[in-house]
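Worksheet: the structure to be examined is printed underneath.
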Amino acid sequence: IMGVDTTGRSLHRRGYRVYEHPAALKPTIASAMLLLSGWRPGETLIDPMCGGATIPIEAAMMAWNRAVNRDRRDFNLLRLRLFDADALEEERERLRIAEGGDPHPIYGLEKYPRHLEGGRRNAERAGVLETVNLRLGDATDPAFYPEDVSHIVVNPPYGVRMVPRERVRRLYPMFLRALKEAAGGATLTVITAAYRRFREAAEDVGVEIISSRRVLHGDLQTMIYLCQV
Ligand SMILES: C[S@@+](CC[C@H](N)C(=O)[O-])C[C@H]1O[C@@H](n2cnc3c(N)ncnc32)[C@H](O)[C@@H]1O
């Protein structure tokens, strides 16, 4: 079997990440979680622990019908002999014309000002700062959530890289309780490497896990859970 790498640099490198969050999520995984969540532009979406804002940015690009990597200039396929540069330019133009929409605000909460500021810088670089509403806030306090939240997509701390395990043990049930109060009936899509902690908290609080998927995030074995709050 022979393969040709037509991409080169990995597709998860979108080019908007001017602030590198220490526990950043791969944009390709963020995008897959959004598709899995069932969210559609126009519905109220929140990432309540948004860090460098990868999930809100990927959602905003979907809401604008913007092709990720549209302007990337270094695909390997550009060097193939049979490559048609005019056809690629035509396709880029077609994608530009197809862009648009009526994006509903996409919300992000973050507890620490330096990550919030970093998330705003990333959103600005991605050209979606006006679509994402990123605020300083605490995901465990129902008062910080907007009304009518229908979808929560989130990448909380796992207790591996940044936050002690003990804090995660307390965080997960507090977070799920806040969701029950602020967004009862909404859909929650969560990625975590602390899957036992998450399952215990979901059971304690009465959040139903509908499906689960194993995903390798870098060198970490994680699970993506789709839940009903
Ligand atoms: C795994 S990181 C998210 C990374 C993000 N998905 C990205 O790609 O940059 C988890 C984030 O949750 C934030 N966080 C932790 N506890 C929080 C809380 N109670 N409320 C809001 N944010 C919180 C942390 O500061 C951290 O930025």
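The values are calculated or read from the model by the stated rules, or taken from the named source; none is laboratory data. Predicted model only: the values in this text are computed from it and were never measured. Because the Cβ atoms are built from the backbone with ideal geometry, glycine has one as well, and the counts that use them run over all protein chains shown. For accessibility, only protein heavy atoms count, side chains too; no ligands or nucleic acids. Shrake-Rupley method; radii C 1.70, N 1.55, O 1.52, S 1.80 Å.
Can you tell me which of (1) surrounded by 16 or more Cβ atoms within 10 Å (Cβ to Cβ); (2) of a type outside the set (A, V, I, L, M, F, W, C); (3) at pLDDT below 95 is the one Gly218 doesn't meet?
(1)
Criterion first (in contact with a Lys or Arg (Cβ under 7 Å, 6 or more places away or on another chain), touching a residue at least 24 places away in the same chain (Cβ under 8 Å) and open to solvent by less than 70 Å² (accessible area, probe 1.4 Å)) does Arg17 satisfy it? Steps first, answer last, please.
On the way: in contact with a Lys or Arg (Cβ under 7 Å, 6 or more places away or on another chain): no; touching a residue at least 24 places away in the same chain (Cβ under 8 Å): yes; open to solvent by less than 70 Å² (accessible area, probe 1.4 Å): yes.
It is false that Arg17 is in contact with a Lys or Arg (Cβ under 7 Å, 6 or more places away or on another chain), touching a residue at least 24 places away in the same chain (Cβ under 8 Å) and open to solvent by less than 70 Å² (accessible area, probe 1.4 Å).
Among the strands (runs of 3 or more DSSP E) lying completely within region 108-204, list those that include at least 2 residues that are within 9 Å of the ligand (Cβ to nearest atom) and open to solvent by 50 Å² or more (accessible area, probe 1.4 Å). Even if it seems obvious, please write down each step before you answer.
Working: elements: 132-136, 151-154, 187-192.
Where strands (runs of 3 or more DSSP E) fall fully within region 108-204, none carries at least 2 residues being within 9 Å of the ligand (Cβ to nearest atom) and open to solvent by 50 Å² or more (accessible area, probe 1.4 Å).
Tell me whether region 112-132 contains one or more residues that are in contact with a helix residue (DSSP H, G or I) (Cβ under 7 Å, 6 or more places away or on another chain) and of a type in the set (Phe, Trp, Tyr).
No.
Of these, Gly159, Gly101, which one is modelled with pLDDT under 95, out of contact with any Pro (no Cβ under 9 Å at 6 or more places or on another chain), at positive phi and not polar (S, T, N, Q)? First the steps, then the outcome.
Values: Gly101 fails: out of contact with any Pro (no Cβ under 9 Å at 6 or more places or on another chain).
Residue meeting the stated conditions: Gly159.
Check whether at least one residue in region 6-14 is buried (at least 19 other Cβ atoms within 10 Å of the Cβ) and under 15 Å from the mean Cα position of the chain (by Cα), and report yes or no.
Our first condition is that a residue be buried (at least 19 other Cβ atoms within 10 Å of the Cβ); within region 6-14, this holds for 14.
If we keep only those that are under 15 Å from the mean Cα position of the chain (by Cα) too, we end up with 14.
Within region 6-14 (the criterion being buried (at least 19 other Cβ atoms within 10 Å of the Cβ) and under 15 Å from the mean Cα position of the chain (by Cα)), the answer is yes, since at least one residue qualifies.
Kindly provide the set of residues from region 27-43 that are open to solvent by 30 Å² or more (accessible area, probe 1.4 Å), at pLDDT 95 or above and either in a loop (DSSP other than H, G, I, E, B) or within 11 Å of the ligand (Cβ to nearest atom) (or both), ordered by number. Give the derivation first.
Quick first cut of region 27-43, residues open to solvent by 30 Å² or more (accessible area, probe 1.4 Å) only: 28, 32, 35-36, 38, 40-43.
Narrowing further to those that are at pLDDT 95 or above: 32, 35-36, 38.
Answer for region 27-43, where residues must be open to solvent by 30 Å² or more (accessible area, probe 1.4 Å), at pLDDT 95 or above and either in a loop (DSSP other than H, G, I, E, B) or within 11 Å of the ligand (Cβ to nearest atom) (or both): just Gly38.
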